[in-house]
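Enquirer: Before I ask anything, here is the structure I am working with.
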Amino acid sequence: MPNLLPAGNQIAMGVLQQCEKDYTQLTKWFSTDPCSIDPSLHFNVTLAGISKFLDGTGGATHKGCDSAEICCDVKLNPEVDATVSSALLMAEAVEVFSAYQKLGWDCSASNGEGLSRVLAAGQYPGVLTGGYLSAYAWLDGNRLNWVDNTDNTDVDGESTGCAVLFLNWMNTQLGIGWDVICQAGGSELAKMYKAVTGKNDGWQQFSALLNHAFPPTNPCGLKTDNPFPLT
């Protein structure tokens, strides 16, 4: 493991300055009553040089959806940027909150992976770019229906991309708050959509809009996970 000093101290302090604010935001998203959050939920965070070039592309890990023992990559190159580690921590913390909530968000499946990505991006806009983006993978892929269905993996770019796009569509296009989305839960995104809207047309409305804006016959050229609002 490379020696991260002194930049490691700078990143650690940056993460420390943000973590309480992020924790507070998570409690607001996942519960109408912050006091209902399990008081035993405490995070132990390790910052490490996971990526080969210490450029923040190594992601973050924890041993299980409910494990609050989290290891996050750091970005030292081409410049030191603590927000990358904070955003990665946010994504993993979303998965832990989801597991404690027990409403169907599954960090090892496409619906939970999508949620962790959009909430981290919402808290840290423009930070997790490049290899962390996934919307383009679904748009340039087979465009399978991962709204009415859930993919039982968190490492498939297409199913994750569909989940990310659908969640951003609900939040930005339809104007539904992240708190409402998180607290609705659901083992499939369609179930969450119905719980929020009372409708069964989530996939139809979503796919029709995306097919119009990004015709399946053309490469999408998308460099964001949130192209909304669209007309």
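The values are calculated or read from the model by the stated rules, or taken from the named source; none is laboratory data. All values reported here derive from a predicted model rather than from experimental measurement. Cβ sites come from the backbone with ideal geometry, for glycine too, and all protein chains shown count toward neighbours.
Enquirer: Restricting the search to region 155-169, which residues are of a type in the set (A, V, I, L, M) and crowded, with 24+ Cβ neighbours inside 10 Å?
Expert: Initially, region 155-169 is screened for residues of a type in the set (A, V, I, L, M), giving 155, 163-165, 167.
Answer for region 155-169, where residues must be of a type in the set (A, V, I, L, M) and crowded, with 24+ Cβ neighbours inside 10 Å: A163, V164, L165, L167.
Enquirer: Within region 176-185, restricting attention to residues that are outside any helix (DSSP H, G or I) and within 16 Å of the chain's Cα centre (by Cα), which residue is farthest from S159 (Cα to Cα)?
Expert: Here the answer is G177.
Enquirer: Which of the residues belonging to region 210-227 are over 21 Å from the mean Cα position of the chain (by Cα) and in a helix (DSSP H, G or I)?
Expert: N211, H212, A213
Enquirer: While we're looking at this one, here's another question. Among the numbered conditions (1) surrounded by fewer than 18 Cβ atoms within 10 Å (Cβ to Cβ); (2) under 18 Å from V94 (Cβ atoms), tell me where P219 comes up short.
Expert: If we test P219 against (1) surrounded by fewer than 18 Cβ atoms within 10 Å (Cβ to Cβ); (2) under 18 Å from V94 (Cβ atoms), just (2) comes out false.
Enquirer: Conditions: (1) assigned by TED's automatic domain parsing to the domain that holds R117; (2) within 27 Å of G126 (Cβ to Cβ). T231 meets all but one. Number of the miss?
Expert: (1)
Enquirer: List the number of the failed condition for S207; all other conditions in (1) outside any loop (DSSP other than H, G, I, E, B); (2) of a type outside the set (A, V, I, L, M); (3) under 16 Å from the mean Cα position of the chain (by Cα) hold.
Expert: Here S207 clears every test but (3).
Enquirer: Find the residue count for region 129-154, including only residues that are out of contact with any Cys (no Cβ under 8 Å at 6 or more places or on another chain), crowded, with 16+ Cβ neighbours inside 10 Å and among the acidic types (D, E).
Expert: So the count comes out to 1.
Enquirer: Continuing with this model, one more query. Just to be sure I understand the filter: pairs with C-beta atoms under 7 Å, separated by 6 or more residues or on different chains, first member in region 99-116 and surrounded by fewer than 19 Cβ atoms within 10 Å (Cβ to Cβ) and at pLDDT below 95, second member part of a loop (DSSP other than H, G, I, E, B) and among the aliphatic types (A, V, I, L, M). Which pairs pass?
Expert: That search, which allows pairs on different chains as well, returns Y100/L41.
Enquirer: Confirm whether K199 is within 18 Å of A121 (Cβ to Cβ), outside any helix (DSSP H, G or I) and either of a type in the set (D, E, K, R) or not assigned by TED's automatic domain parsing to the domain that holds C107 (or both).
Expert: Values: within 18 Å of A121 (Cβ to Cβ): no; outside any helix (DSSP H, G or I): yes; either of a type in the set (D, E, K, R) or not assigned by TED's automatic domain parsing to the domain that holds C107 (or both): yes.
In short, no.
Enquirer: Being surrounded by 17 or more Cβ atoms within 10 Å (Cβ to Cβ), outside any loop (DSSP other than H, G, I, E, B), at pLDDT 95 or above and touching a Ser or Thr at 6+ places or on another chain (Cβ under 9 Å): is that true of Q18 here? First the steps, then the outcome.
Expert: Values: surrounded by 17 or more Cβ atoms within 10 Å (Cβ to Cβ): yes; outside any loop (DSSP other than H, G, I, E, B): yes; at pLDDT 95 or above: yes; touching a Ser or Thr at 6+ places or on another chain (Cβ under 9 Å): yes.
So Q18 passes the test.
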